[in-house]
1. Kindly indicate which of V43, V29, V11 is at pLDDT 80 or above, at negative phi and among the β-branched types (V, I, T).
2. Would you pick out the residues in the range 22-63 that are over 20 Å from W74 (Cα atoms) and part of a helix (DSSP H, G or I)?
Amino acid sequence: MPRSIPRARGVARASEWQHSSLPAHTAGVDDGLVSVQPLRDRVANFADLLGADPDDPEFNALRRNELIGRPLGWPDFLNAVSRQLNRAVTPSTEGESGKSAGP
């Protein structure tokens, strides 16, 4: 998420980070690093995404998953990602070790 770049990379604005996708997405033009169409298919206006309220519950869900490195989406999407990666992308109901909790 563009808001995380300044915090994590020590720059004032996301657009100042050399690996930022922000310039490509705001211009709506692919560059050597970014293909903008997948995001454009999901978000009608990229500027609206940048202006999202960080206290919005959906934004908080995205931030939570960003911090733990898991994708966020509907079950069908997560199942497709799991199949492509050949690994689970959702937390196990039995915990990370795969062992049941309890005595």
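1. That would be V29, the only listed residue that is at pLDDT 80 or above, at negative phi and among the β-branched types (V, I, T).
2. Correct list: L22, P23, A24, H25, T26, A27, Q37, F46, A47, D48, L50.
The values are calculated or read from the model by the stated rules, or taken from the named source; none is laboratory data. This is a predicted model, so every value here is computed, not measured.
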